[in-house]
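These notes concern the structure reproduced below.
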Amino acid sequence: MDVGQADKIRVRLQSHEHIPCWERDCAEIRYLAHYAPNIDAEERRKIEAAIREEYDPVCGSTAEDASDDFTRRKPGGPTGATP
């Protein structure tokens, strides 16, 4: 799972720096977009940070770094634990 926000979703997904992670870690890549025309970019970033903190996406970054500067996590999440 990954999460992010963008003004131009199609452009962002087509050139996303996480594509290699998605291709490596996902059997099938699916996208879900929630359009929020009445929410500005700052509020979207707050929502993104909250989701990142709650779910710790494998191909994403931490809530403290909820920007386009993503980092790769260890398999199994931040602790490296696997099921």
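If the condition is being part of a loop (DSSP other than H, G, I, E, B) and surrounded by 10 or more Cβ atoms within 10 Å (Cβ to Cβ), then the range 1-32 contributes 1, 2, 3, 4, 5, 6, 16, 17, 18, 26, 29.
Scan the range 1-48 for residues that are over 16 Å from residue 59 (Cα atoms), of a type in the set (Lys, Arg) and within 14 Å of the chain's Cα centre (by Cα) and the total you get is 3. Here's a check for you: in the range 33-52, which residue that is in a helix (DSSP H, G or I) and in contact (Cβ under 8 Å) with a residue 24 or more places away in the chain is surrounded by the fewest Cβ atoms within 10 Å (Cβ to Cβ)? Taking the candidates together, the pick is 41.
Any read-out appearing in this document is the output of simple, stated calculations on the displayed coordinates, not a laboratory observation. All values derive from a computational prediction rather than experimental measurement. Here the Cβ is made from the backbone with ideal geometry for all residues, glycine too, and neighbour counts use every protein chain on show.
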